[in-house]
Amino acid sequence: MKTRSILFLAFTITAWATVAAEEAFASFSEINGKVEFQKPNASWKLAHIGDKVYPGDIVSTGFKSTAILKIGQTTISVKAITRMTLTELVKTSGGTSTTLFLLSGRVKADVPPQPGQTQSFQITSPTATASVRGTAFEFDGVNLIVDRGTVQLQTPTRQFRHVEAGQFSTIAAGGVIPPPAVVNVDHGLSSVHELVVQQQSVSFAPPPVEANMAPPSSTIEQLAISVY
C-alpha cells in the first residue's frame, strides 16, 4: 500500500509538471511582414498567427516587420529589426514570471496587474535590465518612454530618477540621467531624436543618489530599471 501511494504521488507530481510545462508559452497574435522564430538546434521558420513560442526560442523581425506576442493578459510588441529570446517563462497558480533577452531592436511591454497574482516581467540586454510589474513602457537599452505607471531609471553609480507616465528619459554622455520630459507617447521611441531634443529643454538638476547601496562589483556598465 505504501509503495502504491508513493507511485501515485510521483505520477501526480509528474503529471502536474507536464501540464504546467505545456501551458508555459507565448503565442503570436499579430504578424506584419517577415517574422521568423527558431527553436534550439533547429532551422528558422516563418511565424504564423497562433504559433507558440517556448522558453529557449528566438524571435526575429525583418525590415518594416512587427509582431505581437501574448502571454495571458501580457502583450509584447516586437518592433522591426528586432531579435530576442524567450529566456524563461514560468506559470504557477500564484502568477507568471517571464524573462526576455533583447539582443537588438526594441520591444514594448504591457503587463497589466492581475488580482491575486504576481506578474513578474523582465527584459535583459547586453547593457541593461528593465523589470516590469503592472505597468507599460518601451525600452531599447538606453532610451525609456513610459505609458503607464512609474519607472525608476538607475545608473551603475546609483544615481536615479523616477520616470512617470507620459514622460521620456535617457542615459546621456557620461552616464548622466537628465530630468524626464513630458512628451507625446503615442509614437513610442520611433522618433528618439525629437524626444531627446525635448528633454534637453528641461532645466537640469543633478539626480539624487540612492543611499545605503554598495558600489557595483563589476566595471561593466549596467543600467537598472525598477518599476513600481
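Just so you know, all these numbers are worked out from the coordinates, no wet-lab data involved. Just so it is clear, the structure is predicted and the values come from calculations on it, not from any experiment. Virtual Cβ from ideal backbone geometry, glycine too; neighbours counted across all protein chains shown.
Here the residues Arg161, Arg83, ranked from fewest to most Cβ neighbours within 10 Å of their Cβ, fall in the order Arg83, Arg161. On full extension, the segment bounded by Gln117 and Lys39 gains 25.1 nm, given 0.36 nm per residue less the C-alpha separation.
Fewest to most neighbouring Cβ within 10 Å: what's the order for His193, His187?
His193, His187
Ranked for footprinting exposure by Cβ neighbours inside 10 Å, fewest first, Val151, Val196 give Val196, Val151. Descending by average beta-carbon neighbour count within 10 Å, the peptides 54-61, 33-40 line up as 54-61, 33-40, the highest first.
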